[in-house]
Every structure is written in C-alpha cells, then in structure tokens.
Amino acid sequence: MILPKKDTPENPVLRGALSRLFELAVHVLWPVSCPVCGMTASPACPGCLAGLAEKSRRMLCAECMRPFPCPSHPGSVPLRYLTSFGGVSRDLVHLLKYGSRRELGRLMGRTMGEAFPRMRAALLVPVPLHAGSERAFNQSLELARGMADVWKAGFEDSLEWKISRPSQVGLPSSERKNIPKNAMQWKGQPPSGRTIWIVDDVCTTGATLRSAIQAVTASGSRVAGAFTWAMTPGV
C-alpha cells in the first residue's frame, strides 16, 4: 500500500520530527548543548560562535593596546582579537577553562581561523599554562589547534614559564602588568623560516602576550603578531 504524501519521509514535517528525534537520542548518549542557542548534541554551533565576531574590531599595538600601527612603538607587532570579553564570549571562556569543556576550545579556535586573515607559513604558539597549574589542559593550545585546522598551519606548545605566578583572575590591572622580564622561555630548538603568531584566550593588559613575545625573540625567532579570542574592554 502506498502511504499518503503526508506520511512519507519526504514530508518536511515528518523529516523535521525524525531529525529532532535523532538529536535527542544523540543528546542522551552525548549530553551537551550549544551554550549560545541551546541546540542539543552540539558543543557549540559554528554559526553562533561566528555571530560573536565584532565587525568593528581593530588591530591593537601589543605594547600599549592602542590602535596599530602605533607611532609610539614602531617596532611593535599587531594584536587581533575576535570579540570583547563580556556576556556570552566571557561565558564561553569560563566554560572552556573552568567547566572542563575542552571541545569548545578547538571550535572557538576554528571560528578565529575563519575570522582572521590567513597567514602564510604561520606557526601558531599558545601562551602556556602557569607553572603548577592544576588545569587538565591548556585552553590557548586548544584555540591554536582550531586555528591550525582552518589555516592548515602548524602549531607548537613550545613556551613555558620560568617563574611561578598566581592566577591572574581577580588581580588588579597594576599587578597583572607586573611580570618580570624573561618570565617565559622557549623549550627546545627554535624553528627557522616560520612566522610565529602567539595565541591566547583573553587579553587584558597585554603583559602576558608581551612576555611570550620576549621569549620567542630571545630564542632568535621573530613574532609577527598575536591573536586572542577576546579583549577586555576599558582596561
């Protein structure tokens, strides 16, 4: 017997119901949902993440956080950020860092890779976790992995802290900036013939990024710039 048109899988209503049933079944086995729209069985929707990118974002001077190029620091490099740190963008970072949502990092990194201009011969280097950190993974490394997926670029977790520092969370701006010179170092043999870009999750004062840039420069390599998921406004 031929079923009526309304009962066939080609019917949009039935097809939508079956699709939703499949999503719910997957959600039972993999209980996650997009932090932005709530879509089940999805760590984060690419469209939701892309929607957070600010169209008016500018390049900033990595030395002083003013617009790049900067007349006060002609030798500085540019910092590019995807969005301002606040609201949903802040919630995503907190889920990534403190909610053990590691899968978010790579997806957020892919969003960064799609939003920023692709750099040739790029080597993406994440800011390292602080010495003695109890976190299970480096969120900046996951962002770098995601960017590398899009750019078909390399990435290396090759920086490390030479000193112990407390968590930056909750510290006033003056203390965040107080990082000793040569606080980081490059691990192993520095790469040759590669353009190095530093990757981090959030930039507040720029002090951590500057430490990373100093470490790469001290190794004999050159940093072309930095990328972050978010920039803290008004700091």
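The values are calculated or read from the model by the stated rules, or taken from the named source; none is laboratory data. Being a predicted model, the structure only gives us computed values, none of them experimental. Don't worry about glycine lacking a Cβ; one is built from the backbone with ideal geometry, like all the others, and counts go over all protein chains shown.
Do the conditions hold for residue 153, that is, is it surrounded by fewer than 17 Cβ atoms within 10 Å (Cβ to Cβ) and more than 21 Å from residue 211 (Cα to Cα)?
For residue 153, the condition - surrounded by fewer than 17 Cβ atoms within 10 Å (Cβ to Cβ) and more than 21 Å from residue 211 (Cα to Cα) - is not met.
Conditions tested, residue by residue: (1) outside the structural domain of residue 34 (by TED's automatic domain parsing); (2) crowded, with 19+ Cβ neighbours inside 10 Å; (3) in a loop (DSSP other than H, G, I, E, B); (4) β-branched (Val, Ile, Thr).
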{"position": "81", "(1), (2), (3), (4)": "yes, yes, no, no"}
{"position": "92", "(1), (2), (3), (4)": "yes, yes, no, no"}
{"position": "100", "(1), (2), (3), (4)": "yes, no, yes, no"}
{"position": "103", "(1), (2), (3), (4)": "yes, no, no, no"}
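Under 8 Å between Cβ atoms, which residue pairs at least 6 apart in sequence (or on different chains) link something in the range 153-167 that is on the phi < 0 side of the Ramachandran plot and of a type in the set (Ser, Thr, Tyr) with a partner that is assigned to a strand (DSSP E or B) and modelled with pLDDT of 95 or more?
158/125; 158/186
What pairs come out if I take residues in the range 58-79 that are in the same structural domain as residue 213 (by TED's automatic domain parsing) and pair them with residues that are among the acidic types (Asp, Glu) and outside any strand (DSSP E or B) whose C-beta lies under 8 Å away, six or more apart or interchain?
Cβ pairs passing all conditions: 70/63; 72/63; 73/63; 76/63.
Restricting to the range 155-182, count the residues that are among the small types (Gly, Ala, Ser) and modelled with pLDDT of 95 or more.
Adding up the residues that qualify gives 1.
Only residues that are in contact with a Leu (Cβ under 6 Å, 6 or more places away or on another chain) and either surrounded by 19 or more Cβ atoms within 10 Å (Cβ to Cβ) or farther than 30 Å from residue 217 by Cβ (or both): list them for the range 52-79, please.
Once the filter is applied, which keeps residues that are in contact with a Leu (Cβ under 6 Å, 6 or more places away or on another chain) and either surrounded by 19 or more Cβ atoms within 10 Å (Cβ to Cβ) or farther than 30 Å from residue 217 by Cβ (or both), the range 52-79 yields 60, 62, 68, 79.
Filter the range 186-235 down to the residues that are crowded, with 19+ Cβ neighbours inside 10 Å, part of a helix (DSSP H, G or I) and without any contact (Cβ under 8 Å) to a residue 60 or more places away in the chain and list them by number.
Within the range 186-235, 211, 215 qualify.
Restricting attention to the range 81-90, does a residue exist that is of a type outside the set (Ser, Thr, Tyr) and in contact with a Gly (Cβ under 7 Å, 6 or more places away or on another chain)?
No, because not a single residue in the range 81-90 is of a type outside the set (Ser, Thr, Tyr) and in contact with a Gly (Cβ under 7 Å, 6 or more places away or on another chain).
Which residues, counting only those in the range 80-129, are of a type in the set (Phe, Trp, Tyr) and at pLDDT 95 or above?
Of everything in the range 80-129, those that are of a type in the set (Phe, Trp, Tyr) and at pLDDT 95 or above turn out to be 81, 85, 116.
Among the residues of the range 120-136, how many are in contact with a Gly (Cβ under 8 Å, 6 or more places away or on another chain) and assigned to a loop (DSSP other than H, G, I, E, B)?
1
Given the residues 49, 24, 14, which is the only one that is surrounded by 10 or more Cβ atoms within 10 Å (Cβ to Cβ), at pLDDT below 65 and either under 28 Å from the mean Cα position of the chain (by Cα) or not in a loop (DSSP other than H, G, I, E, B) (or both)?
24
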